[in-house]
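Take a look at the structure below.
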Amino acid sequence: MNENAVKFFAETDLPRIMKKLYSANNLMEAHIVLDMLEHALIPAQLFNQHAQGGMGDIPFTHAYPEVWVIRDEDYERGRRIVQHYETMPQSNQVISCPTCGEENPVNFQLCWQCGNGLEKISSQTP
């Protein structure tokens, strides 16, 4: 084997060290964080997505969905995204769609039922 082949193999066969970034309270929250990371172009993996069915047989802390970053160099940037998510204010306000009347969270831009734009309504809501 020539020197370049060994060097190429050694560079591409390096083990990746994944780091746990976030333990979510539920699967929906884990997917929200995973989606935020994806939008920031941070590759991540979701673990324990089916483990909640085993609660009672395994410790509940082992059943929480977990988000892990794949590349070590993305950990700090991912941590800042999670910190921003955790400090976002929670709102229970809803707005009604003018087209179908369906209630939507105030931060939605489109009605989840009919797809109508809600921007004008959101800007008028106090």
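Filter the GluC sites (Glu not before Pro) in region 78-110 down to the DSSP loop ones having no more than 15 other Cβ atoms within 10 Å, then list what survives.
Working: sites: Glu86, Glu102, Glu103; in loops: Glu102.
For GluC sites (Glu not before Pro) across region 78-110 that sit outside H, G, I, E and B with at most 15 neighbouring Cβ atoms in 10 Å, the list reads Glu102.
When the surface is traced with a 1.4 Å probe over the full set of protein chains, Glu76 keeps roughly 110 Å² accessible.
The values are calculated or read from the model by the stated rules, or taken from the named source; none is laboratory data. None of the values given here were measured: they were computed from a predicted structure. Methodologically, a virtual Cβ is constructed for each residue, glycine included, from the backbone with ideal geometry; neighbour enumeration extends over all protein chains shown. Accessible surface areas use protein heavy atoms only, side chains included; no ligands, DNA or RNA. Shrake-Rupley method; radii C 1.70, N 1.55, O 1.52, S 1.80 Å.
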